[in-house]
Amino acid sequence: MREYELVEKNLRENELKSVTCNKCGKTKKLYGEDYQKAWDAEEFQSFSCSFGYGSKFDMDKWIFDLCEDCLEEIVNTFKIKPEGFGVNNVATS
């Protein structure tokens, strides 16, 4: 879950101020310039799922964030791991 706050700039726009993992609730407050906030938010991944007509979740759209620890925990339950999983890091299998 990403939380935004409205900040006055030349134009009004939503500015990312924190990211929260929808699974474990870990929150990271974001400070500094835009590039620093983007860098600090990288330990979270954002997901968007759109379900089609006739699906169990007919026409729903889900948007959520997971921290790296929760994402790794979920992926480790997969019978077939995603391509590239564990290639550039110490992810467990």
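The values are calculated or read from the model by the stated rules, or taken from the named source; none is laboratory data. Predicted model, so just to flag it, every value in this text is computed and none were measured. Quick reminder, even Gly has a Cβ in these numbers, built from the backbone with ideal geometry, and neighbours come from all protein chains shown.
The strands (runs of 3 or more DSSP E) found wholly in the stretch 1-81 and carrying at least 2 residues that are touching a helix residue (DSSP H, G or I) at 6+ places or on another chain (Cβ under 6 Å) occupy 13-20. Taking each residue of the stretch 38-63 that is in contact (Cβ under 8 Å) with a residue 12 or more places away in the chain and surrounded by 11 or more Cβ atoms within 10 Å (Cβ to Cβ) and looking for partners that are of a type outside the set (Val, Ile, Thr) and assigned to a loop (DSSP other than H, G, I, E, B) with beta-carbon atoms closer than 7 Å, six or more apart or interchain, yields ASP40/LEU30; ALA41/LEU30; PHE44/CYS21. Residues in the stretch 35-75 that are at pLDDT below 95, closer than 21 Å to CYS24 by Cβ and of a type in the set (S, T, N, Q): 0 in all. Given the criterion at pLDDT 95 or above and in contact with a strand residue (DSSP E or B) (Cβ under 7 Å, 6 or more places away or on another chain), identify the matching residue among LYS17, LYS28. Going through LYS17, LYS28 in turn, the sole match is LYS28.
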